[in-house]
Amino acid sequence: MTTICKLQALLQNKHMPGNKYNRTPVSPKTRLERILQYRELRKFNKIFNSSEELGDGLKEAELFANDSVLNEDESCGPLNGDILLKGTDGCERLRKQRLLVVANRLPVSAVRKGEDSWQLEISVGGLVSALLGVKEFDARWIGWAGVNVPDETGQKTLTIALAEKRCIPVFLDEDTVHQYYNGYCNNMLWPAFHYLGLPQEDRLATTRGFQSQFDAYKKANQMFANVVSKHYEEGDVVWCHDYHLMFLPKFLKEYNSNMKVGWFLHTPFPSSEIHRMLPSRSELLRSVLAADLVGFHTYDYARHFVSACRRILGLEGTPEGVEDQGKLTRVAAFPIGIDSDRFIRALELPQVQDHMKELKERFAGRKVMLGVDRLDMIKGIPQKILAFEEFLEENPEWRDKVVLLQIAVPTRTDVPEYQKLTSQVHEIVGRINGRFGTLTAVPIHHLDRSLDFHALCALYAVTDVALVTSLRDGMNLVSYEFVACQASKKGVLILSEFAGAAQSLGAGAILVNPWNITEVAYSIGYALNMSADEREKRHNHNFRHVTTHTSQEWAATFVSELNDTIVQAQLRTRQVLPLLPIKDAVERYSQANNRLLILGFNATLTEQLDTLDRRGGQIREMEPRLHPELKEPLKKLCGDQKTTIVVLSGSDRTILDENFGEYNIWLAAENGMFLRRTTGKWMTTMPENLNMDWVDSVKHVFEYFTERTPRSHFELRETSLLWNYKYADVEFGRLQARDMLQHLWTGPISNAAVDVVQGGRSVEVRAVGVTKGAAIDRILGEIVHNQGMKAPIDYVLCVGHFLAKDEDIYTFFEPELPSETLATVRCRSPGPVGLPVPKIPSGRSRSKSHHKKQRSLSTLEGNGLGSAGWRPIVPDRISVHEGSSVLDLKGENYFSCAVSRKQSNARYLLGTSDDVVALLTQLADSSSLS
Ligand SMILES: O=P(O)(O)OC[C@H]1O[C@H](O[C@H]2O[C@H](CO)[C@@H](O)[C@H](O)[C@H]2O)[C@H](O)[C@@H](O)[C@@H]1O
Ligand SMILES: O=c1ccn([C@@H]2O[C@H](COP(=O)(O)OP(=O)(O)O)[C@@H](O)[C@H]2O)c(=O)[nH]1
């Protein structure tokens, strides 16, 4: 027995309160249990530190302590992400969960110094800064080292050098980097995600074509996936970062669907209107959705993403995330932070103090304003400098009393847009310095280079006003770092409202619109003149935020949420109804003598609505049509003497006539209010006292919304009105439906005897009590009588995409039901016929009402309405022989099945109407054999 096993046994049998009778070790099942057990283990370690029983236990516990990326100082691993893995001896061991961080850029960039020697330099950028602060995991970093290494020796030696830093390289060749990184990532996705539009396609330069760049993007993502797969171990969490790797979740899940995959975007996610412009908009979204958890800096970005999935892919957005056929991808906001302690501690270091002293002397008598940005068009550097110029212009008294230090770190220098920006900025700085400079001083110090960490901290600490004017920025960590270094000076932060950081530091900063140069210029004046009292208040606010929302916490929250998401998904999967066991359903069908098939129409027997057809006016037809592949099987089934088929639909009679007129079949229109065998006439099953006075008022509301919702329509039926927006813009349709429901619930018909039923893409108003379940016994009564049925029905298959309100049809035939449900089903004479209780599919919670018996159908209250030409159903004829039941569902001969639904009262599920086609085809084939 290993030490950990021994410990577990000890804990479970001896030391855990309340566990004294527990003789068999129980493995913790939930994350919470695991954490609690680990906590106990640690407590135990402390208490029995010197105990002999522990043996090498402490060594084992030490394994939990963790090396961080780049060997920065260690912190003892917290509970986050500890996992239990089964060893070959069958015993479970706790081990620190490994975190594979996958990002385009490694935290170090490599510079080749010789054939086999390398120098590693820290990479610049917010993503690297933030992740360097994450020390609580047993992390490996997988990414590109920023250098082309075509030769084997180079690749081998660099791999070894990087391994010391816990980094694993992905080797991208020059052409791939050019097309994937410079092209698709930085010339296409980056500007689009920052609202700068898409570049014009350059037809002359073939290598720059969107398609070839996109192909290279996918290829590069696949290369990342290959490296991850090679290093992946069971239980690892794989955290994919940023817009460079939108295909990675998909590729990883294809490799191993059990991999825990999270994806985080460091840039903004733009409005769906922008994302819609990308030629590969759908593929990108779908690939990201393969992840278990998708994270953004702010709720706005998360909302935009969900909205893009709704509008572009037609998927369902829920408060939890995005759902696609029952599969949920969690979407949430995880605002990043910095390792604030690292900055605060750095200020005490002698070399930083020396830097600060130098800077203070150098700029004595002048206020220091600071900008620190990668030289990127999103950072709004020209706008910042122009605002500073306007400030100097308007405030001559400040000209020799203030200096702007702009650190502009060169970035993505192979992309033409970035090259243009460099010359543009140089030109503006030159002009302003020429205009306001003197022989001994210039107002702007512009540096085209990066600073080391200590120099940067010193600069932050001596600054009076930091100026962040990003036109868009995922977060902007410079603003956080500035605040962390300002504990003594309490300088002012001017911050663009278009940076993610505005949502967290907005209360203490002066927020500006960087496009409004005059406003920024005014804010500079306001900041420079701000009272010490106001500065302190603002600073304290932000300082508290920055020091409590750290990068450690950010990563810990994301990883813990990812672990939880997976546990929740597993639970959900267990709750999901089982798929219809088609083989069994067909076998039992073929053995039965008197079968009844009740089939819905819309989304059950019709072709699937192609999501593509929903957009841009490419609508085929609005009327539902029978799935062409069902014509043959349906004919065969109708020709079988032992089979009775009822199509039970909300649609009106005309639509059913058009689609099923040629079959020998029963049609039940308007949720069963009208009934006809195709060889006979329509009759009504409507209750006599059905009040329809409300119709005109509802019609007005429906007309109003139909006119205002392009591609929506409404159907006026005898007993209901239906407003349908399935062909309209999904988002807009939903908003309109919400308003419509308000009208209906609170307006003139709020007291009418109606039910307002909300569908997936529809709103229906019905007379109270009109449901498919309520109509079915009247329908059955008529069928039994009309067909002169002698033997009881011994097989029922009820398949439909029914509204929740109509799901009483499933429970009607269900012999084993909670009493509340039964009470709602009308059943006058019991006439019980004892039947074995059907097995309830796993995951369903049904009460164990074994005493309840198979229902015997009886006659119903109320005659049908005798509308002109329709013969009302005559009651009192629903038993086949006096006293015996019409239903005799032996064993498992009842199959209720919901189509394209996630939750249902039915016993089983079928994915789409294509599956219904497959089912009916098999039934038809077995019909012809029997
Ligand atoms: O790797 P590069 O192409 O040289 O670019 C550097 C990084 O720029 C972007 O940073 C973003 O991440 C920050 C942290 O979340 C955030 O504060 C900032 O607003 C973003 O712009 C980019 O997203 C990274 O992938 C790059 O590594
Ligand atoms: O000379 C410099 C200038 C900036 N940075 C770092 O670069 C990051 C910039 O991150 P931010 O989120 O502000 O923007 P990004 O460049 O990622 O878009 C910050 O952590 C800075 O500390 C740096 O290391 N050296």
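With the requirement that a residue be away from ligand 2 (no atom under 12 Å from the Cβ) and more than 14 Å from A509 (Cα to Cα), what does region 473-488 give you?
Here is the first cut: in region 473-488, the residues away from ligand 2 (no atom under 12 Å from the Cβ) are 483, 486-488.
Selection gives A487, S488.
Can you tell me which of V784, V796 is touching a Phe, Trp or Tyr at 6+ places or on another chain (Cβ under 6 Å) and assigned by the TED database to the domain that holds S896?
Numbers: V784 fails: touching a Phe, Trp or Tyr at 6+ places or on another chain (Cβ under 6 Å).
One residue alone meets the criteria, V796.
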When you scan region 507-516, do you find a residue that is out of contact with any Leu (no Cβ under 6 Å at 6 or more places or on another chain), surrounded by fewer than 21 Cβ atoms within 10 Å (Cβ to Cβ) and farther than 29 Å from W190 by Cβ, even just one?
yes
Name the residue, out of A333, A364, that is within 41 Å of the chain's Cα centre (by Cα) and either free of Cβ contacts under 8 Å to residues at least 60 places away in the same chain or within 16 Å of ligand 1 (Cβ to nearest atom) (or both).
A333
Just the residues that are charged (D, E, K, R) and either in a loop (DSSP other than H, G, I, E, B) or not assigned by the TED database to the domain that holds A220 (or both), please, taken from region 159-177.
E164, K165, R166, D173
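Which of the residues spanning region 365-398 are assigned to a loop (DSSP other than H, G, I, E, B) and surrounded by fewer than 16 Cβ atoms within 10 Å (Cβ to Cβ)? Let's see the steps before the verdict.
Going through region 365-398, the residues assigned to a loop (DSSP other than H, G, I, E, B) turn out to be 365-366, 375-376, 380, 395.
Selection gives G365, R366.
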Return the pairs, sorted by first residue and then second, in which the second residue is polar (S, T, N, Q) and within 10 Å of ligand 1 (Cβ to nearest atom), the first residue lies in region 473-495 and is part of a strand (DSSP E or B), the beta carbons are less than 6 Å apart, and the residues are 6+ apart or on different chains.
L493/S479; L495/S479
Output the residue which, of all residues in region 451-472 that are among the hydrophobic types (A, V, I, L, M, F, W, C) and assigned to a helix (DSSP H, G or I), is farthest from ligand 2 (Cβ to nearest atom).
V462
Please verify whether G146 is within 16 Å of ligand 2 (Cβ to nearest atom), closer than 23 Å to V261 by Cα and either of a type in the set (G, A, S) or at pLDDT 90 or above (or both), treating the condition exactly as stated.
no
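Considering only region 666-679, state which residues are on the phi < 0 side of the Ramachandran plot and either without any contact (Cβ under 8 Å) to a residue 60 or more places away in the chain or buried (at least 24 other Cβ atoms within 10 Å of the Cβ) (or both).
First pass over region 666-679, keeping only residues on the phi < 0 side of the Ramachandran plot: 666-669, 673-679.
Result: W666, L667, A668, A669, M673, F674, L675, R676, T678, T679.
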Do we find that A752 is over 39 Å from the mean Cα position of the chain (by Cα) and not assigned by the TED database to the domain that holds R653 in this structure?
yes
The lone exception for Y180 - which of (1) in contact (Cβ under 8 Å) with a residue 40 or more places away in the chain; (2) in a helix (DSSP H, G or I); (3) more than 13 Å from ligand 1 (Cβ to nearest atom) it fails:
(3)
For region 101-128, name all the residues that are away from ligand 1 (no atom under 12 Å from the Cβ) and part of a loop (DSSP other than H, G, I, E, B).
K113, G114, E115, D116, S117
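Name the residue that is modelled with the lowest pLDDT, counting only residues in region 287-319 that are assigned to a loop (DSSP other than H, G, I, E, B) and within 23 Å of N221 (Cβ to Cβ). Step through it out loud before you land on a result.
Restricting attention to region 287-319, the residues satisfying the condition of being assigned to a loop (DSSP other than H, G, I, E, B) are 290-292, 297-298, 314-315, 318-319.
Right, trim to within 23 Å of N221 (Cβ to Cβ) and you get 290-292, 297, 315.
Numbers: A290: 97, A291: 98, D292: 97, H297: 97, L315: 82.
Among them, the one singled out is L315.
Tell me the residue from F453, F482 that is among the aromatic types (F, W, Y) and within 14 Å of ligand 1 (Cβ to nearest atom), please. Working first, answer last.
Details: F453 fails: within 14 Å of ligand 1 (Cβ to nearest atom).
So the residue among F453, F482 that is among the aromatic types (F, W, Y) and within 14 Å of ligand 1 (Cβ to nearest atom) is F482.
To keep it simple, each residue is scored yes or no on (1) closer than 30 Å to A163 by Cβ; (2) assigned by the TED database to the domain that holds H304; (3) more than 15 Å from ligand 1 (Cβ to nearest atom); (4) crowded, with 18+ Cβ neighbours inside 10 Å.
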position: W190; (1), (2), (3), (4): no, yes, no, yes
position: N221; (1), (2), (3), (4): yes, yes, no, yes
position: Y243; (1), (2), (3), (4): yes, yes, no, yes
position: L252; (1), (2), (3), (4): yes, yes, yes, yes
Given the criteria within 13 Å of ligand 2 (Cβ to nearest atom) and either over 23 Å from R362 (Cα atoms) or in the same structural domain as L349 (by the TED database) (or both), does D533 qualify?
no
Quick one: in region 429-469, of everything that is over 25 Å from E497 (Cα atoms) and among the polar types (S, T, N, Q), which residue is surrounded by the most Cβ atoms within 10 Å (Cβ to Cβ)?
S450
Residue in region 254-266 that is nearest to ligand 1 (Cβ to nearest atom), counting only those that are within 30 Å of M475 (Cα to Cα) and more than 16 Å from the chain's Cα centre (by Cα)
H266
Exclusive hit being within 16 Å of V227 (Cα to Cα) and touching a Ser or Thr at 6+ places or on another chain (Cβ under 8 Å), set A103, A163, A139
A139
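Only one residue in T422, T413 is assigned to a helix (DSSP H, G or I), of a type in the set (V, I, T) and under 40 Å from the mean Cα position of the chain (by Cα), so which one is that? Reasoning before the result, please.
Numbers: T413 fails: assigned to a helix (DSSP H, G or I).
Among T422, T413, only T422 is assigned to a helix (DSSP H, G or I), of a type in the set (V, I, T) and under 40 Å from the mean Cα position of the chain (by Cα).
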K327 fails exactly one of the following numbered conditions: (1) touching a residue at least 24 places away in the same chain (Cβ under 8 Å); (2) assigned by the TED database to the domain that holds D292. What is the number of that condition?
(1)
Looking at (1) farther than 22 Å from L198 by Cα; (2) crowded, with 23+ Cβ neighbours inside 10 Å, can you tell me which one Y299 breaks?
(2)
Quick one: in region 244-280, which of the residues that are among the basic types (K, R) and modelled with pLDDT of 95 or more is farthest from P191 (Cα to Cα)?
K260
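Would you confirm, using the coordinates I've provided, whether E233 is surrounded by fewer than 23 Cβ atoms within 10 Å (Cβ to Cβ), away from ligand 2 (no atom under 16 Å from the Cβ) and more than 13 Å from L99 (Cα to Cα)?
No.
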Looking at H266, is it in contact (Cβ under 8 Å) with a residue 12 or more places away in the chain, in a loop (DSSP other than H, G, I, E, B) and in contact with a helix residue (DSSP H, G or I) (Cβ under 7 Å, 6 or more places away or on another chain)?
yes
Please verify whether S129 is at pLDDT below 65 and within 30 Å of G500 (Cα to Cα), treating the condition exactly as stated.
no
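Can you say whether Y526 is away from ligand 2 (no atom under 13 Å from the Cβ) and more than 19 Å from H266 (Cβ to Cβ), as far as the supplied structure shows? First the steps, then the outcome.
On the way: away from ligand 2 (no atom under 13 Å from the Cβ): yes; more than 19 Å from H266 (Cβ to Cβ): yes.
Taking the combined requirement at face value, the residue satisfies it.
The values are calculated or read from the model by the stated rules, or taken from the named source; none is laboratory data. Since this is a predicted model, take the numbers as computed values, not measurements. Quick reminder, even Gly has a Cβ in these numbers, built from the backbone with ideal geometry, and neighbours come from all protein chains shown.
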